[in-house]
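Shown next, in structure tokens, is the structure this report addresses.
Every number here is computed from the coordinates shown, using simple stated rules; none is lab data. Here the structure is a predicted model, which means the values were calculated and not measured. We place every Cβ from the backbone using ideal geometry, glycine too, and count neighbours over all the protein chains shown.
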Amino acid sequence: MGMKMRNLKFWGRLCGQSLGIIVLGSLAWFLFAAVGGRKYAGEAEVMFLDALETFPYYLLLTGSVILLVMGTTYFQVYLPLVISMNAARKSTAIGLAGCIFGIVAGILGMCAVIWWLTPGDIARSGRILMPLLTGGLLLTAAFGLLMGMLTNKWGKAGLIIMAICFVVLGAGAGMAVALTDGDKVESSFRFLSMVNEKVGLMFLAGIVVYLLVSILIIRYIRKMEVRA
Amino acid sequence: MGVWEMSNLTAKGIRKTYGKKDVLRGIDLNLESGKIYGLIGRNGAGKTTLLSILSAQNPASAGSITFDGRPVWENQDVLNHICFSRELNQMNGNNANAMKVKEYLRIAEIFFPYWDKEMAKRLIKEFDLDIKKKISKLSKGMLSMVTIIVALASKAEFTFLDEPVAGLDVVARERFYALLLDEFTETGRTFVISTHIIEEAADIFEDVIIVDKGKILLKENTQELLDRCWHISGHEEEVDKAAEGLETYNKERMGRSKGVTVFLKPGQSIPKQYDVELQKMSLQKVFVALCGEES
């Protein structure tokens, strides 16, 4: 078996396992919140199809969290391990980037299938927002990989730096929303999605950033010290 | 998996620096195939660093490693022929502590192209290893067993083992040496084994490499080395006369008696006319003489 196949076998399996975790986690959350929550709110009938069109958002949110964690885990555990088993570093880095991309593609694929099959406004707006969501998920994945790289380089200090960046960004976004008029935010969002639909700006940004981070990782791994 | 063809793994001018510390200081080494090498040195001498660079698991600060003239670094065709099964360290955060042994061996099976699954199964049974246990829960002896299984089942042409018997009881150690010799006899693979338990392993080392303070002190056929090393003891004046002109190490004094280790060069011999006692040296004593504090 050549190295490409070996890489595919290893990283492909990890990709599949991660997607499985994301689906199971999303399903648990979805069943509790979307179905159970509505039942609890007193709705006489829960139309499963109505609830199903929201399931992609659970996938996206769960997937985002998992992707952030995955970057650190893969750098700490699997990268040194694979290199210690005499895999070339470049192919290992490509395998890692490909695995994470595969997870992103899997999540988005499932979202696309569900939204194309379900009726309703949520599904329709989801279809429109796909390029935006793709870009966002790729940016999240890239951030997770960067977190992993910095943690590997600087240990806990790297993790803390990235966590602070994440908290600051999140707090900044929250403050911006809170300080802005709600209607304006909604209309801005609609405008953004229209722009996104036409030029795929966010989508392009996600692809470019993910590619740049992947190249950065290949360069970093070339000189990485392994003590598996 | 049949017998490997004759290959050479060559290191030239290898230097490794961490910050201001020189761990390896200009190592030149040629490893011929079809031998079992013993790599011995004191703690911090640079043995593990040397093995990790030879197997391209860590980059050298300077120098090159080639396999039959082809560079080893980032060359998957060459890397397929090398295995460095290092001591698993549960304390190190950068490893697979949470992984089960089964998963670890499954990954090894994927990445070592000549992996012998049947051999791995046989060794797991032989060592009575519970592969469902997490690596973090293994005893030191069991960690050594995992290292040995990966090294032997990898079937790599050049296999490096770093302290493979650390933590093994004497019965398990004897079993390892027997397995190693069986594998060597059957396949002619090259093994480089670093160990601190020198006396036990000395019998299986065809060549010995002694590393001291980042340099190779000597690389020689084990039997030839032992044949030219002697311990001379007796009255101080007699010992001094007998050892005159010879390379001496590790001088000991006990009152008016004296003991000294001599290394004979080609053509040299110890004069027989002096009233001294001559003793053959064990590999461990040779190592202590060369690398002990008094040297």
message: To make sure I understand, if each residue's beta carbon is the centre and we count other beta carbons within 10 Å, what order do B:L29, A:L24 fall in, fewest to most?
response: A:L24, B:L29
- line: Net charge near B:Y104 (other residues with Cβ under 11 Å of its Cβ; Lys, Arg +1; Asp, Glu -1) is +3
query: aspartates and glutamates within cross-link reach of B:K20: Cα-Cα under 19 Å, excluding same-chain residues under 8 positions apart?
result: A:E225, B:D212
field: Reachable aspartates and glutamates, given that their alpha-carbon falls under 17 Å from the alpha-carbon of B:K134 and they are not under 8 places away in the same chain
entry: B:E87, B:E103
- request: Provide the packing ranking of A:119-129, B:108-118, i.e. peptides ordered by the mean count of other C-beta atoms within 10 Å per residue, highest first.
  value: B:108-118, A:119-129
- request: Given the peptides B:12-20, B:227-235, arrange them by the average over their residues of other C-beta atoms within 10 Å, most packed first.
  value: B:227-235, B:12-20
message: Which entries of B:K215/B:K285; A:K90/B:K215; A:K153/B:K16; B:K16/B:K137; B:K47/B:K280; B:K16/B:K280 have Cα-Cα distances beyond 25 Å here?
response: A:K90/B:K215; B:K16/B:K137; B:K47/B:K280; B:K16/B:K280
- prompt: In peptide B:51-58, how many Cβ atoms from other protein chains are near each Cβ within 10 Å, on average?
  reply: 4
- prompt: In what order do B:L225, B:L79, A:L31 fall by count of nearby beta-carbon atoms within 10 Å, going from fewest to most?
  reply: A:L31, B:L225, B:L79
query: Per-residue mean of other chain beta-carbon atoms within 10 angstrom of the beta-carbon, peptide A:72-85?
result: 5
